[in-house]
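J.: Before anything else, here's the structure in question.
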Amino acid sequence: SEMCIRDRSKAFTNRFIQIFFEDISEEDLQEILKKRCLIATTQCQKMIQVMKEMQLMRQSQNFFMGKEGVITVRDLLKWGKRVNFQEEQAAEGYCILAERIRNDEDKRIVKEIIEKVYKVKLDPLKDYSDFCQKNIMDRFGQKLQEALDSKDSKLQGLTTIEWNNSFRRMATLAYKCAINREPILFVGETGCGKTTLCQIFSAIFDCEFFCVNCHQYTESVDSVSYTHLTLPTIYSVQISVVAGSFKKK
């Protein structure tokens, strides 16, 4: 990137032939989305229109700073691979673009832009609740209860699962990433349910579950024993006690 080039000395950069890549044109981007994601031209056009609207925004969050704003071409590709219908496309766009923003005001702006372009009204909490009920609780509820009753080692420390609105939101967002084979990074305060959600997914997907504590004194040798894990595996990594990561391979 341009910023990375500035950080390097002239003596270093002169050793290389520097090639500048221009921005992808709207027509090329539309063709890429259409062929990579196998979606209609009208869907591609609406996604690009959302991106153009986002690029005009300048807010307090880093997502709104710079030329690309809150959305990148990589986000468009993720978005395009998830959807089939217009309303579904708008909801998935909100999941990908808005749910990584911590500022509620910025989330509201993203929501309004998507609603304006797609001419729909979004109700994220209701969508998350309905999706979680249908695709997780109804589908895997009995399996989870049997695992709890049998004291499965994957659910160690759990006796019941409280499916409140906040947890349903987390479960829905994580489940959508998992079925699309997208890596996830959970960020939140201690006790908000990051590790619990990883345990639940390890049970419903029949994966091994490993919890690795990481802190400022952790060295590479501490993780040597984890290099020979058999996949599929779910990793829960506690970073500075307040953040965790989930990845299903």
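J.: How many nm is it between the label spots at residue 20 and residue 56, if each spot is 7 Å from the Cα in line with the beta carbon?
T.: Roughly 2.7 nm, to one decimal.
J.: In whole Hz and in residue order, list the ³J(HN,Hα) couplings for the stretch 26-32 that follow from phi through the Karplus curve 6.51 cos²θ - 1.76 cosθ + 1.60, θ = phi - 60°; x for Gly and Pro.
T.: 4, 5, 5, 5, 4, 5, 4
J.: Skip the ligands, DNA and RNA, and give the accessible area per residue of the stretch 150-213 with a 1.4 Å probe, whole Å².
T.: Accessible area per residue, the stretch 150-213: 53 Å².
J.: Okay, next question. May I ask for the net charge around residue 154, where only other residues with Cβ less than 13 Å from the Cβ of residue 154 are counted and Lys, Arg are +1 while Asp, Glu are -1?
T.: Taking every Cβ under 13 Å from that of residue 154, the sum is -2.
J.: Could you calculate the FRET efficiency of residue 182 with residue 9 from 1/(1 + (r/R0)^6), where r is the beta carbon distance between them and R0 is 30 Å, rounded to 0.05?
T.: Approximately 0.20, to the nearest 0.05.
J.: Still on this structure: Filter the cross-link list 116/176; 52/194; 52/107 down to pairs whose alpha-carbon distance in this structure exceeds 22 Å.
T.: 116/176; 52/194
J.: Search the structure for amide H atoms under 5 Å from the amide H of residue 208, placed 1.01 Å from N in the peptide plane, and list their residues when 5 or more places away or on another chain.
T.: HN-HN under 5 Å from residue 208: 234.
J.: Can you tell me the order of 158-170, 40-52, 16-28 when each peptide is scored by its average per-residue count of other Cβ atoms within 10 angstrom, highest first?
T.: 40-52, 158-170, 16-28
J.: Expressed in nm to one decimal, what extension gain is obtained for the pair residue 116 and residue 134 from 0.36 nm per residue of sequence separation less their Cα-Cα distance?
T.: Contour length minus the Cα-Cα distance gives 3.7 nm.
J.: Name the residues whose placed amide hydrogens come within less than 5 Å of the amide hydrogen of residue 185, ignoring near sequence neighbours (fewer than 5 apart) on the same chain.
T.: 246
J.: Which aspartates and glutamates, on any chain, are close to residue 78 with Cα under 12 Å apart, when same-chain ones fewer than 8 places away are left out?
T.: 92, 182
J.: Please report the spacing between the Cα centers of the stretch 157-172 and the stretch 95-132 in Å, no decimals.
T.: Measuring centre to centre over Cα atoms gives 21 Å.
The values are calculated or read from the model by the stated rules, or taken from the named source; none is laboratory data. Since the structure is predicted, the reported quantities are computational estimates derived from the model, not experimental observations. Don't worry about glycine lacking a Cβ; one is built from the backbone with ideal geometry, like all the others, and counts go over all protein chains shown. What goes into the accessible areas is simple: the full protein's heavy atoms, side chains included, and nothing from ligands, DNA or RNA. Shrake-Rupley method; radii C 1.70, N 1.55, O 1.52, S 1.80 Å.
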